[in-house]
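*Asks:* Got a structure here, written out as structure tokens. Questions coming.
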Amino acid sequence: MTTMTTVPIPRTPAARLRWAVHDGLTVTRRDLTHWIRSPEEIFGGLMFPVLSVLLFGYVFGSAMVVPGGGDYREFLLPGLFGMTMVFGLVITASAVVTDTSRGVTDRFRSMPMASSAVVAGRSIADMARAALDLAALIVCGLAVGWSPHGSFGATMAAIGLLLLLRFALIWVGIYVGLLLRTPESATALFPLILPFAMIANTFVAPGLMPTWLGYASEWNPMSATVAATRELFGNPGIGGETWAAHHPMLMAIVWPVVLILVFFPLSVRRFQTMSR
Amino acid sequence: MDTSTAPASPPASTAGATGFAILAEGLVKVYGDTRALDGFDLAVRPGTVCGLLGPNGAGKSTAVRILSSLLRPTAGRAEVAGFDVVRQPLEVRYRIGLTGQNAAVDDVLTGRGNLEMFGKLYHLSARQARRRADELLEQFGLTEAANKQPKNYSGGMRRRLDLAISFIMSPPVLFLDEPTTGMDPRHRMEVWHGVRRLVGQGTTVLLTTHYLDEADQLADNISVIDHGRVIAEGTPAELKSRIGSDQLDVVLTNPGDVARAAAILAEITRAQPTTHEEVPRVSVPAVNRAATLTEAVRLFDAERIVVSDIGIRQPTLDEVFVRLTGRPAESTAPLEGRA
């Protein structure tokens, strides 16, 4: 048996692209395998939103007021879709810190692979999971009487906006994951993110909050996505005091783009500092 | 097997034009105010094991991370398998294996899944990666555990899988950064056995360790590193002879005699003895072996110091280490194995 006398090193842009795709898909497959092998993690991740459907939809729901009138569960579901996307940040961050703290990231870095592959694999796998989570919640919502009332196109656009928010949060998650030292610390992110998901239009219309809190809620990036999807789904509870609340469609695109513009370079820089 | 398929033995020429498999010249790595490496030089001949020894924080891991292209040096240059680690990282990465301090294996994929995934990331075809995985599982005694997840492996098995992954390309150069830290003695022996076999096939190994017996067992040459630079190098025997002579060891029956015995030995040898109250033992370099021994026995007898054992022996690397760095190596006793 002999060894490789010449090693395959990409020298043209086309070859580099082929490498990036091949390596990225290899890592994607690995990341997806993690979830296939641990379905309990997926169920665990969906527990909170599903419980929220039941708890808020039925227990607290009767006491909730939807501004402008309307069914509370119709109001609630888009909020839970948005919240699930936001919690995805913890999924991304904890996957990233698990790999760095166990030395797996260094192993990848010591191999002759496309440097984009680890991040590309992570984002493809996380988006696949987000789509699955969203599908499960939509089924759950349909079961409790929520439904989209807009056109098919509008419904797809709403789902697109939710996934756009999740995509933006992948970069926040990667950055946060690279800042953390242990996988355990990623669990601590959950209570930190909870207020972010609550001080929003998820469960309660910001108009019913104290003025300053209502303003903060309306400017919350998540609220923009949720308000925009309510509008596209034709669900109740639209409107508010601030400029942000009056332009949810615009803000549902602007916020994720801003997050990407800030956190994509930060994540790349953070990766690079690993070799500094 | 044709030349493009899975490799099994390192290429004939693992060295660059310089004739060294690993060459570092004046490596400097600065973090803020600290100089983790401060003019680090190293030259390792192909097919040998170089032990890099030093206390924690001496710069061992920094050196390994630069040589394995994970970290860019602030200054200086390095070549591994004939390629510049900064300018030709991909060439280097095809030719090295790296086993770090914690077993960098994927806990969720199976043992075989790990080998196949990393094989694909070395751009082997699916078929090649599968075949190579089979060979390595066999070679590292993991065939039976092939379809289990490493999180259910013992510490020794994880480390073997880690080594197997490092060996997918049969790399001409292998970096082992404290490969047996935290392992029980039996698993350390297994790793040593594996390393010797690889070296027998022509692989060059750079081994960092703070277990001196590990360096003594495996290394052809040892470089002692402290404060980011190599302060001594040579074969284990050369380093031991550098601190002079053989040692006279006296084990006493009565711990209360340690101070008096030390004074007597200092008088005879005109050297500073080292004492261990709890053993109780006194050691001192003995240039004139027989004369020192007889004189010591005569004086102990005259002073009525009861000796339970006395003998001449070669110095240990521990003593070399203390002499060179002024402090003992971190921990010389292996810890209990991790499950």
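*Asks:* I'd like to check which helices (runs of 4 or more DSSP H) are fully inside the range A:195-276 and have at least 1 residues that are within 21 Å of the chain's Cα centre (by Cα) and surrounded by fewer than 16 Cβ atoms within 10 Å (Cβ to Cβ).
*Replies:* A:248-273
*Asks:* Can you tell me which residue within the range B:28-46, out of those that are of a type outside the set (Val, Ile, Thr) and free of Cβ contacts under 8 Å to residues at least 12 places away in the same chain, is nearest to residue B:172 (Cα to Cα)?
*Replies:* B:31
*Asks:* Can you find a residue in the range B:13-26 that is within 14 Å of chain A (Cβ to nearest Cβ), modelled with pLDDT under 90 and surrounded by fewer than 24 Cβ atoms within 10 Å (Cβ to Cβ)?
*Replies:* Applying the first criterion (within 14 Å of chain A (Cβ to nearest Cβ)) to the range B:13-26 yields B:13-14.
Next cut, modelled with pLDDT under 90 only: B:13-14.
Okay, now just the ones that are also surrounded by fewer than 24 Cβ atoms within 10 Å (Cβ to Cβ), so B:13-14.
Looking for residues that are within 14 Å of chain A (Cβ to nearest Cβ), modelled with pLDDT under 90 and surrounded by fewer than 24 Cβ atoms within 10 Å (Cβ to Cβ), one finds at least one in the range B:13-26, hence yes.
*Asks:* On to the next question. Quickly run through the range B:136-145 and pick out the residues that are open to solvent by 50 Å² or more (accessible area, probe 1.4 Å) and touching a helix residue (DSSP H, G or I) at 6+ places or on another chain (Cβ under 8 Å). Write out each step before concluding.
*Replies:* First, the residues of the range B:136-145 that are open to solvent by 50 Å² or more (accessible area, probe 1.4 Å): B:138-139, B:141, B:143-144.
Within the range B:136-145, B:139, B:141, B:143 qualify.
*Asks:* Here is a follow-up. Check off (1) more than 24 Å from the chain's Cα centre (by Cα); (2) under 24 Å from residue A:169 (Cα atoms) for residue A:30 and give me the number that stays unchecked.
*Replies:* (1)
*Asks:* Follow-up. Being under 30 Å from residue A:240 (Cβ atoms), open to solvent by less than 60 Å² (accessible area, probe 1.4 Å) and in a helix (DSSP H, G or I) is true for just one of A:57, A:44. Which residue is that?
*Replies:* A:57
*Asks:* From the residues in the range B:47-65 that are in contact (Cβ under 8 Å) with a residue 40 or more places away in the chain and within 14 Å of another protein chain (Cβ to nearest Cβ), which one is least open to solvent (accessible area, probe 1.4 Å)? Working first, answer last.
*Replies:* Our first condition is that a residue be in contact (Cβ under 8 Å) with a residue 40 or more places away in the chain; within the range B:47-65, this holds for B:47-56, B:58-64.
This time we only want the ones that are within 14 Å of another protein chain (Cβ to nearest Cβ), so: B:61-62, B:64.
Details: B:61: 35, B:62: 23, B:64: 2 Å².
Looking at residues that are in contact (Cβ under 8 Å) with a residue 40 or more places away in the chain and within 14 Å of another protein chain (Cβ to nearest Cβ), I get B:64.
*Asks:* Let me ask something else about it. Restricting to the range A:96-139, count the residues that are aliphatic (A, V, I, L, M) and open to solvent by 20 Å² or more (accessible area, probe 1.4 Å).
*Replies:* 12
*Asks:* Please determine, by comparing only the residues of the range B:96-118 that are in contact with a strand residue (DSSP E or B) (Cβ under 6 Å, 6 or more places away or on another chain) and facing chain A (nearest Cβ under 8 Å), which one is farthest from residue A:34 (Cα to Cα).
*Replies:* Ranking the qualifying residues of the range B:96-118, first place goes to B:96.
*Asks:* Still on this structure: Which of the residues spanning the range B:313-324 are surrounded by fewer than 15 Cβ atoms within 10 Å (Cβ to Cβ) and either in a loop (DSSP other than H, G, I, E, B) or more than 27 Å from the chain's Cα centre (by Cα) (or both)? So that I can check it myself, show each step before the final result.
*Replies:* Initially, the range B:313-324 is screened for residues surrounded by fewer than 15 Cβ atoms within 10 Å (Cβ to Cβ), giving B:313-314, B:318.
Scanning the range B:313-324 gives a single hit, B:314.
*Asks:* Something else now. Collect the residues in the range B:268-305 that are more than 30 Å from residue B:210 (Cβ to Cβ), in a loop (DSSP other than H, G, I, E, B) and either open to solvent by less than 50 Å² (accessible area, probe 1.4 Å) or in contact with an Asp or Glu (Cβ under 7 Å, 6 or more places away or on another chain) (or both), keeping them in residue-number order. I'd like the intermediate steps shown before the answer.
*Replies:* Residues of the range B:268-305 more than 30 Å from residue B:210 (Cβ to Cβ): B:268, B:270, B:288-305.
If we keep only those that are in a loop (DSSP other than H, G, I, E, B) as well, we get B:270, B:288, B:303-305.
Listed by number, the list holds a single entry, B:305.
*Asks:* Against the conditions (1) within 14 Å of chain A (Cβ to nearest Cβ); (2) buried (at least 20 other Cβ atoms within 10 Å of the Cβ); (3) at pLDDT 95 or above, where does residue B:40 fall short? Just the number, please.
*Replies:* So the condition that residue B:40 fails would be (1).
*Asks:* Does residue B:95 satisfy the criteria of being over 30 Å from residue B:148 (Cβ atoms) and out of contact with any Lys or Arg (no Cβ under 6 Å at 6 or more places or on another chain)?
*Replies:* Yes: the conditions hold for residue B:95.
*Asks:* If the requirement is being modelled with pLDDT of 85 or more, farther than 30 Å from residue B:29 by Cβ, of a type in the set (D, E, K, R) and within 28 Å of the chain's Cα centre (by Cα), which of these qualifies: B:226, B:249?
*Replies:* B:249
*Asks:* Need the failing condition index for residue B:133 against (1) open to solvent by 30 Å² or more (accessible area, probe 1.4 Å); (2) at pLDDT 95 or above, just the number.
*Replies:* (1)
*Asks:* Then there is this: What number of residues within the range B:164-190 are more than 10 Å from every other protein chain (Cβ to nearest Cβ) and among the aromatic types (Phe, Trp, Tyr)?
*Replies:* 1
*Asks:* If residue B:93 meets every condition in (1) assigned to a helix (DSSP H, G or I); (2) under 21 Å from residue A:19 (Cβ atoms); (3) more than 9 Å from chain A (Cβ to nearest Cβ); (4) not small (Gly, Ala, Ser) apart from one, which number is that one?
*Replies:* For residue B:93, the exception is condition (3).
Results for (1) without any contact (Cβ under 8 Å) to a residue 40 or more places away in the chain; (2) among the basic types (Lys, Arg); (3) within 14 Å of another protein chain (Cβ to nearest Cβ), shown as yes or no for each residue.
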site: A:59; (1), (2), (3): yes, no, no
site: A:62; (1), (2), (3): yes, no, no
site: A:71; (1), (2), (3): no, no, no
site: A:95; (1), (2), (3): no, no, yes
site: A:112; (1), (2), (3): no, no, yes
site: A:125; (1), (2), (3): no, no, yes
site: A:137; (1), (2), (3): no, no, no
site: A:148; (1), (2), (3): no, no, no
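*Asks:* If you don't mind, another one. Taking helices (runs of 4 or more DSSP H) that do not extend beyond the range A:66-177, which have at least 2 residues that are aliphatic (A, V, I, L, M)?
*Replies:* Ranges flagged: A:72-101, A:117-143.
The values are calculated or read from the model by the stated rules, or taken from the named source; none is laboratory data. Model, not experiment: these values are computed from the prediction. FYI the Cβ positions are ideal-geometry reconstructions off the backbone, even for glycines, and counts take in every protein chain you see. Only protein heavy atoms, including side chains, enter the accessible area calculation; ligands, DNA and RNA are left aside. Shrake-Rupley method; radii C 1.70, N 1.55, O 1.52, S 1.80 Å.
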